[in-house]
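What follows is a set of notes on a single structure, which appears directly below.
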């Protein structure tokens, strides 16, 4: 019996992929995990530097419609933004290891990794030093790994893990939105920063979720981008956040109240776009809205 070294072993999945890649087996599994590890470590290193590097704040003064706006920024702010850009380019690099990737298909996979990185960075920035910060650091790392791996899996709808990856990305999209709302509320962020941040996060979460649900990636079918619905979800979330900004709500209650309409409207948009009757399409969003608002009432 001849023992084949592990690095040269070819399994059935390699043989199938070889038929689609000119006869050369593609070992995308190990390479995927290696790239995810490098990408996650690089992003987390950037976040760790924010606790080591201390720079003075620079006051950026802007005037909008006669209202003076002051933004206090420093090097850590730039690091968080650069880390989000690094996630986008890193995902593009990660997906190049996938044998089923078509040219020009990486853009849609940038949205959630960028949003996740930004939200993790903002959350870590507001957490105090010590155990709480390290716990947030670890949870943020887990979220990044899950997002990167799920984005890799959804490239190929024939992958047996595709339904789970799609569900994970949908859940993470709205979990990130909830985390951002709770974080900004806890930090006491002013309204002129709160509303745009939640507008952006809600719009990206809805856009990615709708794109995943409405695009089966069937040959000859044009991809659908529901920008109108995503914009509507973002506007409703921002307006509701502005209305609730001065209410005496706890951060968790504030986040759950915002999450309810965002999730419900996205689900309604997907069901309507799939051609379901309004009464049938309305059931699931209404149930989830009631459940989330019920949780908001329960949390004190």
(message) Being over 17 Å from residue 45 (Cα atoms), modelled with pLDDT under 90 and either outside the structural domain of residue 177 (by TED's automatic domain parsing) or assigned to a helix (DSSP H, G or I) (or both) is the requirement here; does residue 78 meet it?
(response) no
(message) Would you confirm, using the coordinates I've provided, whether residue 248 is out of contact with any helix residue (DSSP H, G or I) (no Cβ under 7 Å at 6 or more places or on another chain), farther than 29 Å from residue 107 by Cβ and either at pLDDT 95 or above or surrounded by fewer than 13 Cβ atoms within 10 Å (Cβ to Cβ) (or both)?
(response) yes
(message) If I filter the stretch 131-141 for residues that are buried (at least 19 other Cβ atoms within 10 Å of the Cβ) and within 16 Å of the chain's Cα centre (by Cα), do I get at least one hit?
(response) yes
(message) Quick check on my filter: what residues within the stretch 101-133 are assigned to a loop (DSSP other than H, G, I, E, B) and touching a residue at least 60 places away in the same chain (Cβ under 8 Å)?
(response) 129
(message) Against the conditions (1) within 18 Å of residue 32 (Cα to Cα); (2) in a helix (DSSP H, G or I), where does residue 85 fall short? Just the number, please.
(response) (1)
(request) Name every residue in the stretch 156-170 that is surrounded by 14 or more Cβ atoms within 10 Å (Cβ to Cβ) and either without any contact (Cβ under 8 Å) to a residue 40 or more places away in the chain or touching a helix residue (DSSP H, G or I) at 6+ places or on another chain (Cβ under 6 Å) (or both), in order of residue number. (result) 159, 161, 162, 165, 166, 168, 169, 170
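The values are calculated or read from the model by the stated rules, or taken from the named source; none is laboratory data. Owing to the predicted nature of the structure, the values given are computational and were not obtained by experimental measurement. So basically every Cβ, Gly included, is an ideal-geometry build from the backbone, and we count neighbours across all protein chains shown.
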